[in-house]
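First the structure, in the form of structure tokens, and then the observations on it.
Where a number appears in this text, it was derived from the coordinates with a stated rule and is not lab data. Keep in mind it's a predicted model, so treat the numbers as computed, not measured. A quick note on method: Cβ atoms are made from the backbone with ideal geometry, for glycine too, and the neighbour counts reach across all protein chains shown.
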Amino acid sequence: MKKYVTGFFFSADASHLVLIKKINPAWQRDLFNGIGGKVEANEIAVDAMVRECVEETGVKTTPSDWTCFANVYRPKVYDVDMFFARTDEAFNAKTMEAEEIHIIKVTELPNNLIPNLQWLIPLALDTQADFSSPVCIKEIAQERLKA
């Protein structure tokens, strides 16, 4: 099973968010997603988040900048650690690869988001939530739901 990271890179006051307009995979084409990608062999998730941030936005961050707030897991399909960072370095993000980087006002998020971002972004912004350990979101197989 593949391990991934996705990060929401907010400005310090959380008024702006860095999103990437996806080209690949095909099902994400023309949709906005957080920054991130695959966790490489012998790499921990937060280090992957730091690496993906600099590769995709040109902004160097540190592991302490990122908070793992959720884990989205689908057995035998994917395992995604969700992160957020809040720093005005987000305003320095720029397109580094084929997929375009956009700095967007949180109050003006586009309609063409990856569907689960519509609730994951507000979760990341929840200042009352306790993220001392990530919220675990597991997709349950349809067969189990029917039982």
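Of the listed values [x] 41; [y] 38; [z] 34, identify the label whose number matches percent of Cα pairs over 21 Å apart calculated from this model. Computed from these coordinates, percent of Cα pairs over 21 Å apart corresponds to label [x]. Just to be sure I understand: with springs between alpha-carbon atoms less than 10 Å apart, which residue in Thr61, Thr95, Thr127 has the highest mean-square fluctuation in the Gaussian network model of the chain? Answer for the Gaussian network model of the chain: Thr127.
Taking the fewest neighbouring Cβ atoms within 10 Å as the starting point, the ordered list for Val39, Val54, Val106, Val5 is Val54, Val106, Val39, Val5. Annotation for the range 17-104: trypsin sites (Lys or Arg not before Pro) lying in DSSP loop with at most 13 further Cβ atoms inside 10 Å of their Cβ are Arg29, Lys60, Lys76, Lys94.
Where only DSSP H runs of four or more residues are counted, the chain gives -5000 deg cm²/dmol as its mean residue ellipticity at 222 nm, each run worth -39500 (n - 2.57). Counting other C-beta atoms within 10 Å, which of Ser11, Ser133 has the fewest, and how do the rest follow? The most exposed by this proxy come first: Ser133, Ser11.
When only Cα pairs below 8 angstrom with a gap of at least 6 residues are kept, the range 2-146 shows a relative contact order of 31 percent. Output the 0 to 90 degree angle, nearest 10, between the alpha-carbon long axis of helix 45-57 and the longest principal axis computed from the alpha carbons of the chain. Its long axis makes an angle of about 40 degrees.
Work out the length of the dipole vector of the chain about its Cα centre, built from +1 on the beta-carbon of each Lys and Arg and -1 on the beta-carbon of each Asp and Glu, and round it to the nearest 20 debye.
Once rounded to the nearest 20, the dipole reads 580 debye.
Take every DSSP beta bridge whose two residues both sit in the chain, then give the antiparallel share in percent to the nearest 5. For the chain, the DSSP antiparallel bridge percentage is about 60. Using the Cβ-Cβ distance between Ser64 and Arg29 with R0 set to 25 Å, the FRET efficiency from 1/(1 + (r/R0)^6) comes to roughly 0.15.
Taking amide H positions as modeled 1.01 Å from N, with prolines and chain starts lacking one, the residues under 5 Å from Val135 and 5 or more places away or on another chain are Ala70, Asn71.
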